[in-house]
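Trainee: I have a structure I would like to understand better, so I am pasting it below and will then ask my questions one at a time.
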Amino acid sequence: MSSFGFTFLSRTALGQAERMMFGANAGVRDEVGFLIVHQRYADHLFPGTSVLHTRLRYTLLIPWLYQSLRAKRPAPKDFAQAFIDLEHRLTGRLQYKDGEGEPDGVIGGEVYPRAISQPPAYVYWTALAKWGLIAARPDGRQWSRPDMARLLAGGSKRALHDDDGKPLETIAWPITGLIDAPLDWESNGKMTLELSSDERAFLARKLRAVRSPTDPSEPSLLAKLVGRPLKEAERSWDDEILGLAGKEAARLRRAGQAAALSAIGRAVYAALVESVKEERDKRPQENLHRKDLVDVVDKWGVQAAALDFARFLEDVGHLPTAVEAVLRETIAWVRSKKKNPAPLLGVYERAEYSRKGDRARLANNQFGVDRRMEWQGDKHGYAQPLHYRWDNVKRLLRDLEDVA
C-alpha cells in the first residue's frame with residue numbers, strides 16, 4: 001500500500017460537475033444529449049477552460065503551491081495532508097473579510113474554514129496542462145495529479161511508478177519557467193486574485209501560445225481574444241468575436257447555429273413533456289413550454305435552419321446515434337416551419353431513454369408516468385442556446401484586458 005495519497009476526482013466526476021453547472025446556467029438539464037455539442041465546440045474554441053473556472057490568477061497560485069511543497073519536502077506519508085493544508089491556507093488568505101482579501105471568484109471562500117469538495121487544483125488542472133504551465137510527460141501525455149503527487153514524494157527510498165506502472169525516478173520536474181511568486185507568498189497575510197503587471201504579461205504569453213486543437217499551426221480562438229475588451233459580446237459567436245476569429249470564423253458561426261438549434265431542441269423537449277403529461281396522463285397543464293417553444297423558434301429558428309449539418313458533424317465528430325437523430329430531425333422540423341412538435345416525440349423519447357433509462361420522462365411506460373408526475377413545468381427552466389462557457393472565458397480574460 002502506498003505511503004502517501006490524495007483524494008482525486010475522476011474525469012467522470014468532472015463531467016458530472018459540468019453537467020450540473022451547465023444545467024444551472026442554461027436553465028435546463030441535458031435531457032437528450034446537447035451537452036455533447038457544447039463540450040466539443042467549447043473544448044475546441046477555448047481549450048483548457050471549464051465551467052468551474054473563476055479567475056485567471058489561480059493558474060499561477062496552484063503551481064506556486066506545488067513549488068512550495070517541493071521546497072519544503074514533507075515526509076512522503078505527510079504529503080497529502082501537507083498539500084491540503086497549503087490549499088486550505090490559500091483559501092483563507094483569499095477570503096474576503098473585513099475589507100481585505102478578494103471579493104470576486106474565490107473558490108471555497110463562501111464556506112471557509114470548512115473544506116471544499118472541488119479545490120482549485122482540481123478545477124484548474126486541465127488548464128494548467130493545456131496552457132503550458134505544467135509541461136507534458138516525456139511520452140507527450142499530460143501529467144495526472146496522482147503522478148505529480150508521486151514526483152513530490154520522490155525522496156522516498158521506495159521505487160515510484162506512474163499510473164501505468166512505469167518508473168518515475170529519472171523524470172524531470174514538470175513545472176519550469178514559472179514566474180516567481182510574490183515576496184509575501186510565504187506569509188499569512190491577505191491576498192487577492194488581481195494580477196501584477198509581470199503576471200499579466202507572463203499569462204498573456206502563455207495563453208497566446210495555446211494552439212487550435214485541430215491545426216497546431218494556428219492559434220486557438222482563446223489565444224486570439226487575449227487582451228481584447230469582451231464585455232459587449234453577449235455570446236461567443238457575436239459579430240465582434242467572429243471578426244477576430246480568422247480561420248476559426250466558419251466553425252464559430254456553425255457553433256452559433258448549433259447553439260440556436262439546441263435551444264429549440266430543449267424547448268421542444270419541455271413542450272413534449274408538457275403535452276404528454278396533459279394528453280397521455282390526463283393531467284391538465286399550464287401552456288408554459290408550448291408557448292415558449294413558439295417564442296424560441298421565432299427567435300432562433302432562422303439561425304438554426306442555416307446550419308450545414310455535414311460540416312457540423314465534421315466539427316464535433318462522432319455523436320451517439322440517438323443524439324444525432326434528434327439533431328437531424330429537429331433541424332428538419334425547423335426548416336419545415338411546422339408548429340406542432342408532436343412528430344418529434346418518438347426520436348426525443350428514444351434519445352432520452354438512451355441516456356436516462358427508467359428516469360426518462362417521455363417514456364411510454366409506468367416509469368415515464370412516474371417521472372412526469374414529479375415534473376413541474378413552472379420549475380423547469382426555459383430554453384437558452386448553448387453558451388460554450390463564454391461567461392467563464394470572459395471572466396478569465398477580463399484580467400488580461402488591454403495587456404500588450
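The values are calculated or read from the model by the stated rules, or taken from the named source; none is laboratory data. Since we're looking at a predicted model, the values are computed, not measured. Because the Cβ atoms are built from the backbone with ideal geometry, glycine has one as well, and the counts that use them run over all protein chains shown. When the accessible area is computed, the model is the full protein with side chains, heavy atoms only, and any ligands, DNA or RNA have been set aside. Shrake-Rupley method; radii C 1.70, N 1.55, O 1.52, S 1.80 Å.
Trainee: Scan the helices (runs of 4 or more DSSP H) fully inside the stretch 24-123 and keep the ones with 2 or more residues being touching a Ser or Thr at 6+ places or on another chain (Cβ under 9 Å) and within 30 Å of Ala258 (Cα to Cα).
Mentor: Correct list: 34-45.
Trainee: If you don't mind, another one. Out of everything in the stretch 200-220 that is of a type in the set (Gly, Ala, Ser) and in a loop (DSSP other than H, G, I, E, B), what residue ends up being farthest from the chain's Cα centre (by Cα)?
Mentor: Ala209
Trainee: Quick one: would you say Arg372 is in contact with a Lys or Arg (Cβ under 9 Å, 6 or more places away or on another chain), among the charged types (D, E, K, R), open to solvent by 100 Å² or more (accessible area, probe 1.4 Å) and modelled with pLDDT of 95 or more?
Mentor: Criteria not met by Arg372.
Trainee: Sticking with this one: Could you tell me whether Ala223 is over 21 Å from Gly33 (Cβ atoms), open to solvent by less than 30 Å² (accessible area, probe 1.4 Å), in contact with a Lys or Arg (Cβ under 7 Å, 6 or more places away or on another chain) and in a helix (DSSP H, G or I)?
Mentor: So Ala223 passes the test.
Trainee: For Leu362, are the conditions met, namely being touching a residue at least 24 places away in the same chain (Cβ under 8 Å), touching a Ser or Thr at 6+ places or on another chain (Cβ under 9 Å), open to solvent by less than 10 Å² (accessible area, probe 1.4 Å) and of a type outside the set (Lys, Arg)?
Mentor: no
Trainee: State which residue pairs qualify: first residue closer than 30 Å to Arg150 by Cβ and inside the stretch 83-104, second residue among the acidic types (Asp, Glu) and at pLDDT below 95 in any location, beta carbons under 6 Å apart, and separation of 6 or more residues or different chains.
Mentor: Sorted first by the residue in the stretch 83-104, then by its partner, the list stays empty.
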